Protein chains: 2
Amino acid sequence: MSSSQIQATEAYLTELHGGNAKEAADLLLPGNRLNMSKMPVAGMQTTYDAHALMTDSASSATAFACGIKTLSGVIGMDDAKTTSFKSVAQLAHERGKKVGVVSSVSLDHATPAAYYASVPSRSNMNGIAAQMANTGYEFFGGGGIAAPTGSTNVWDLLTANGYEVRNTKESIEDLLTHPRDRVVAINPWLQDASAMPYAIDIDEPQAENNLSLAEITDVAIKVLSGNGGLNTGFFLMVEGGKIDWACHANDAMATIGDMIDFDNAVGMALEFYKAHPRDTLIVVTGDHETGGMTIGHATTGYTAYYDRLLNQNTSFQYFQANQWAAHNAANASGYNYTLPNNLESNTDMIALMADEFGLIYSELNDYQKLKLEDAYDKSMCGANDNLGAENTLLYGTYEPIIVTITHILNERASVGWTSYSHTGVPVPVFAEGLEAKNFYGFYDNTDIAKKIAKIIGITQALPIVK
Amino acid sequence: MSSSQIQATEAYLTELHGGNAKEAADLLLPGNRLNMSKMPVAGMQTTYDAHALMTDSASSATAFACGIKTLSGVIGMDDAKTTSFKSVAQLAHERGKKVGVVSSVSLDHATPAAYYASVPSRSNMNGIAAQMANTGYEFFGGGGIAAPTGSTNVWDLLTANGYEVRNTKESIEDLLTHPRDRVVAINPWLQDASAMPYAIDIDEPQAENNLSLAEITDVAIKVLSGNGGLNTGFFLMVEGGKIDWACHANDAMATIGDMIDFDNAVGMALEFYKAHPRDTLIVVTGDHETGGMTIGHATTGYTAYYDRLLNQNTSFQYFQANQWAAHNAANASGYNYTLPNNLESNTDMIALMADEFGLIYSELNDYQKLKLEDAYDKSMCGANDNLGAENTLLYGTYEPIIVTITHILNERASVGWTSYSHTGVPVPVFAEGLEAKNFYGFYDNTDIAKKIAKIIGITQALPIVK
């Protein structure tokens, strides 16, 4: 999440609320602004790691959790993978503060892991989850555990360590009024890789049975501030991890949906801050930009058309697993990519694009239609008449027809993408509350851990060897 | 100029200085950092204008010069084009401070104009230049005057108002030791639209006869601080205007060359600041991002290859006017785009790409070669076998073969582009010196004028009607 994701979301909110992102004056209305961008303190951080301009999520999380630059893929250790370092969450816990870790992706994923684990490779998720179960932290919540079994049965270890695992909406919400320490609150619906669903996919009837990231954040705050937490103090890290996943897939609306959910979680933290303004610090940032998202595109020039995003009601992920899977199963048999215009007369697929993404085939130009045709061919039978390098550029590792739908929908809205990976652009930092002024200016991601440690009262300079 | 242009330039400097931008640790070495990003205060500004998320340069300059949001194309007036407003430069001049305006593009272009003119349309450049000649400002320098004749003969008006126009390196540099007020210092070589040449194009022997933006900034400071200027104080605006033009053309190295020249101009200001630290404020920002530049690309993933930029030694502009013009004149007659592989065996063109851009044809993948072939066809005979909308997307309004060369060279270096226009991403602001702390945080571009006015001692709130 960098400036582009924030600005795109605010432009979308402007359209959603009946304003006009083209007439940019409405962008400044408070109701169209995110909680984070209205926070009084703002700064910027560089995100590169010890050996790459484009960091991965393990090294960036290690930087802002432990205060050390490391190698991509490494969590809580140096780039030689020999020395382990303590995170600010671990240091806070040692000093008697309660600690919570929340993520919309799995709890053993890179960012949450950096707050409790030290491993040479983020892919050792069972080892990470085992370290999670041994933290003694008071709260974990959001996604599930991607690798609960392997060397360690993490479910058993959690139980042995006194943790209770809850995974119904009712039992999790019960914590709001009956907080208990050592609880793992896992959202009922885990969509992909043990992650919570994209926010855009949670509508009725799913909303009745699932929690938003904001709702889980509310639970986390109630648990951590309950049972004496107001006296001990607490540290809570909340990650909107699927903002990154949606940007990898170049899906602006899945990104924006999770941006809003994450910002609602920021809103929950702000509610707590308002009740405890002298003791609370909130820091909001991204670990890196993903996708090379830009607020403009060659096809739309100086005009923004965020109204064209309003009718997408599914993420690329949900569409692929459901509507697309059904369409493909019904039509792929005997499909031949050499036949011209397979899509032109395909009323089923044209209706799917309109109904699920708001992409109206008849409004597209010839080149956009050709790109859809090539992508449909590739998705239906694994081949088209493109060069291999062209397909790699156009689709990355994503389902060709779906990433092409979001590319064209997004470019028509004036949102561009250049990559399926992370990028190296600096990232904004927002802060409010106690000692927030420390987050003004332009600094490195390692400085975020160092600033937080100092504010918590850690007198030793970071990084601190475990 | 936004975060991407800054980060790309620092990655390039890292490579240039024998470091390795892939091994990102070198990025933090002070010698690889720009003056601006090392300044102690940093903030961010939103750039949208009164009616567009993607501002133009007239409305953005009006915002940070006069403190008012207006319509694209309008300078120093409201969006109804009925009321004129004073810029901070005009207000400073009224209060007895000397004023200078420097730009690498023409002095009647949008950004410099907003500091002295009020016109309903930026395209009325003769009207703008006439207002320039009537300012009484002490110094103008950099590019020339794009529209010196029309309703007003601006050269005559300048003379009538006591201005001396100098356009040799020797006569301009003489101002360093013999400052005089009311001087217009125009660089000898005006490359395109009365603008100074791209910095990348100034090598021997041109450097002997031309000035860099930094050198003209040095002259401006000497003029403004001479002849009593240290007592009255002075206001100087310096624009690196061709950073924007290079980004419109999606030419990363032309961008980086002018970024370095502009940052050297910042260095000149810092020298003055060091001598007068209690009385000097320096603010550095961009009016908007251009081109949708990103620090990463789908073809290169997580690895940066800025070494691939090191051998470009011409801007797209210079190449088009010289080497390309000659090649085209010699080969276009009778060219037929339907012949396959016109480029594959074209040793002249392949050598030009290698010699002038460092783009080695044999290292490219099949898709990159195909894109070059299509672009070469289009440039040689005005036609290729692409769809019209494909050509619009791939080339914008630029020479197809040249913009394709820079696209492919840039993507191979891990620099992506999404637009030929401005984009709406927020822009960093850096500051150092007197009251610099006012530029911390996240604010609007109109706030920049308001902050400067307040620091200058203007007690009335901006915008102030003329």
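What follows is calculated from the coordinates using simple rules that are stated; it is not laboratory data. Small disclaimer: the values here were computed from a predicted structure and weren't measured. Here Cβ is always computed from backbone atoms with ideal geometry, including for glycine, and neighbour counts include all displayed protein chains.
Quick notes
- Shortest-first distances to equivalent copies, position residue B:331, nm, label 7 Å out along Cβ: 4.4
- Of the GluC sites (Glu not before Pro) in segment B:313-382, the ones in a loop by DSSP (not H, G, I, E or B) with at most 14 other beta carbons within 10 Å are B:344.
- Take A:118-126, A:287-295, B:191-199 and order them by the average number of nearby Cβ atoms within 10 Å per residue, most first; the result is A:287-295, B:191-199, A:118-126.
- For chain B, the percent of C-alpha pairs falling in each 20 Å distance bin, counted from 0 to the bin holding the largest distance, reads 24, 55, 19, 1.
- Equivalent-ellipsoid semi-axes of segment B:194-317, from the Cα gyration tensor, Å, largest first: 32, 18, 12
- log₁₀ of I(q)/I(0) at q = 0.20 Å⁻¹ - segment B:259-363, Debye sum with one point per alpha carbon: -1.18
- When the Cα atoms of segment A:1-56 are aligned to their principal axes, the ranges along those axes come out at 46, 23, 14 Å in descending order.
- Tail fraction, Cα-Cα pairs, segment A:56-182, threshold 21 Å, whole percent: 37
- D (Stokes-Einstein, µm²/s), Kirkwood Cα radius, segment A:306-416, 0.890 mPa s at 25 °C: 174
- Residue A:382 label point (Cα plus 7 Å toward Cβ) to equivalent points in the other copies: 4.7 nm, shortest first.
- Computing FRET efficiency as 1/(1 + (r/R0)^6) for residue A:366 and residue B:83, where r is the C-beta to C-beta distance and R0 is 45 Å, gives about 0.50.
- Residue by residue along A:438-449, Cβ atoms of other protein chains within 10 Å of the local Cβ number 3 on average.
- With a 10 Å cut-off around each Cβ of B:46-57, the average count of Cβ atoms from other chains is 6.
- Taking every C-alpha pair closer than 8 Å and separated by at least 6 residues, the mean separation divided by the residue count of segment B:195-316 gives a relative contact order of 34 percent.
- Contact order, relative form, for segment B:306-416: 36 percent (alpha carbon pairs under 8 Å, 6 or more residues apart, mean separation divided by residue count).
- Of the residues A:28, A:429, A:280, the one whose Cα sits farthest toward the positive end of the charge dipole of the protein assembly as shown, with +1 on the Cβ of Lys and Arg and -1 on the Cβ of Asp and Glu, is A:280.
- In segment A:201-292, the trypsin sites (Lys or Arg not before Pro) that fall in loop regions by DSSP, at most 14 other Cβ within 10 Å: A:278
- Helices in chain B that qualify as membrane-span-like (whole DSSP H runs, Cα extent of at least 15 Å along the helix axis, mean Kyte-Doolittle hydropathy of 0.5 or higher) are B:213-225, B:252-275, B:400-413.
- In this assembly of identical copies, the label point of residue B:96 (Cα plus 7 Å along Cα-to-Cβ) is separated from its counterparts by 6.2 nm, sorted shortest first.
- Distant-in-sequence amide contacts of residue A:280, defined by a placed amide H-H separation under 5 Å and a gap of 5 or more residues or a different chain, comprise A:434.
- Taking 12 Å as the cut-off, the amide N atoms of segment B:356-397 that come nearer than this to a point 7 Å along the Cα-to-beta-carbon line of residue B:203 belong to B:356-358.
- Over chain A, dividing the summed -39,500 (n - 2.57) contributions of all DSSP H runs of at least 4 residues by the number of residues returns a 222 nm mean residue ellipticity of -11000 deg cm²/dmol.
- Taking every residue in A:304-316 and counting other chain Cβ atoms within 10 Å of its Cβ, the average works out to 1.
- Taking the convex hull of the alpha carbon positions in the protein assembly as shown and averaging its projected area over all directions gives 38.9 nm².
- Sorted fewest first by neighbouring Cβ atoms within 10 angstrom, B:404, A:280 come out as A:280, B:404.
- FRET E, pair residue A:134, residue A:275, Förster distance 35 Å, beta-carbon r, rounded to 0.05: 0.60
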